């Protein structure tokens, strides 16, 4: 299932979401201009290195979330951010949302590191930070609906409750993490999601809480 758009329209322009999409796009172009393998090795999050020297390797917690492994990787990540991020930014406000997003990415990387502490494979991508946005959306907009594309022989669209869609998404990440499906940092997805779920209210102004 792939989200096309949510029916809950934000009231204010999503300036931070647009800025993050632009920053990721520019970082992607720079990454491939300089050589993706070298850039990923230099700026991706590597758990084994981080736990050997946390202070010296801390910069990777931030740089890794702006790197991507290919066109589909960045397009899918930015689409999820575009679909769900505007309403969360609207609810939190621009400054709070940016801080929330960055901390969510850090929490996601650390979660992956805890479960794979000896890994020397660089972890890259905005998925962890965006997973935090999904967790916040699940908490803040439980009655919203998402128009979802489902491909079964032919493509169909369904209008699903956001809570159902995101709950299904989180369960899928958990099952794949347990199965050890290679190539994707599923523990980072879960770490980001639960960071968003448990901290979103702290980043939301009091007059918006309910």
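All conditions in (1) in contact with a strand residue (DSSP E or B) (Cβ under 7 Å, 6 or more places away or on another chain); (2) free of Cβ contacts under 8 Å to residues at least 24 places away in the same chain hold for residue 6, with the sole exception of (2). Is there a residue in region 84-92 that is surrounded by fewer than 19 Cβ atoms within 10 Å (Cβ to Cβ) and on the phi < 0 side of the Ramachandran plot? No. Taking the criterion of being modelled with pLDDT of 90 or more and surrounded by 15 or more Cβ atoms within 10 Å (Cβ to Cβ), the residues of region 147-171 that qualify are 162, 163, 165, 166, 169, 170. When 185, 177 are screened for being touching a helix residue (DSSP H, G or I) at 6+ places or on another chain (Cβ under 6 Å) and closer than 25 Å to residue 98 by Cβ, only 185 passes. Test residue 125 against the criterion of being under 19 Å from the mean Cα position of the chain (by Cα), surrounded by 13 or more Cβ atoms within 10 Å (Cβ to Cβ) and in a loop (DSSP other than H, G, I, E, B), and give yes or no. When the stated conditions are applied, residue 125 passes them.
The values are calculated or read from the model by the stated rules, or taken from the named source; none is laboratory data. Because the structure is a prediction, the values reported are computed rather than measured. Cβ atoms come from the backbone with ideal geometry, glycine included; neighbour counts cover every protein chain shown.
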